[in-house]
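Before any comments, here is the structure.
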Amino acid sequence: MTVTAAIAYRLTDTVSGAVAYNKTLTSIGTATLDDAITNDNRLRIADQRAVGANLQQLVLDLYALPAR
């Protein structure tokens with residue numbers, strides 16, 4: 001089972017109101033029969049993996065932002 005997570009993030013500077021980061025990240029998570037027997041559990045696992053991969057990409061992107 002494969003799930004695609006597309007999550008939009010916006011980081012705004014609270015002092016100036018300028019948008020420091022505005023991006024939609026897309027990631028994929030998979031789960032197989034080895035992970036879970038039932039479809040419900042496979043879907044949950046695939047969802048968690050897709051969102052986890054998305055958050056990892058967000059952290060990498062935020063670290064790459066210029067220092068303020």
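The values are calculated or read from the model by the stated rules, or taken from the named source; none is laboratory data. Bear in mind that the values here come from a model prediction, so they are computed numbers and not experimental data. Glycine also receives a Cβ, built like all others from the backbone with ideal geometry; neighbour counts cover every protein chain displayed. Note: accessible area is taken over every heavy atom of the protein model, side chains too, but ligands, DNA and RNA are not part of it. Shrake-Rupley method; radii C 1.70, N 1.55, O 1.52, S 1.80 Å.
Computed values, structure above
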read-out: Distant-in-sequence amide H partners of Tyr9 (H built 1.01 Å from N, under 5 Å); value: Lys23, Thr24, Leu25
read-out: Sulfur and carbon atoms: percent of accessible area, the chain [1.4 Å]; value: 56
read-out: 3J(HN,Hα) from dihedral phi, region 39-50, Karplus parametrisation 6.51/-1.76/1.60, rounded to Hz, x for glycine, proline; value: 4, 4, 5, 4, 4, 4, 5, 4, 4, 4, 5, 5
read-out: From phi via Karplus (6.51, -1.76, 1.60), per-residue ³J(HN,Hα) for region 63-68 in Hz, x at Gly/Pro; value: 5, 7, 5, x, 5, 10
read-out: Heavy-atom accessible area per residue - the chain, 1.4 Å, Å²; value: 73
read-out: Solvent exposure, largest accessible area first (probe 1.4 Å, DNA, RNA and ligands not counted), of Thr4, Thr38; value: Thr4, Thr38
read-out: For Leu58, solvent-accessible area (1.4 Å; no DNA, RNA or ligand), Å²; value: 30
read-out: Relative contact order of the chain, defined on C-alpha pairs under 8 angstrom at six or more residues apart (%); value: 33
read-out: Computed helical MRE - 222 nm, the chain, DSSP H runs ≥ 4 contributing -39500 (n - 2.57), nearest 500; value: -13000 deg cm²/dmol
read-out: Accessible area of Ser27 in the full protein assembly, 1.4 Å probe (Å², nearest 10); value: 10
read-out: Dipole of the chain [Lys/Arg +1, Asp/Glu -1 at C-beta], most positive-end residue of Ala36, Ala64, Leu25; value: Ala64
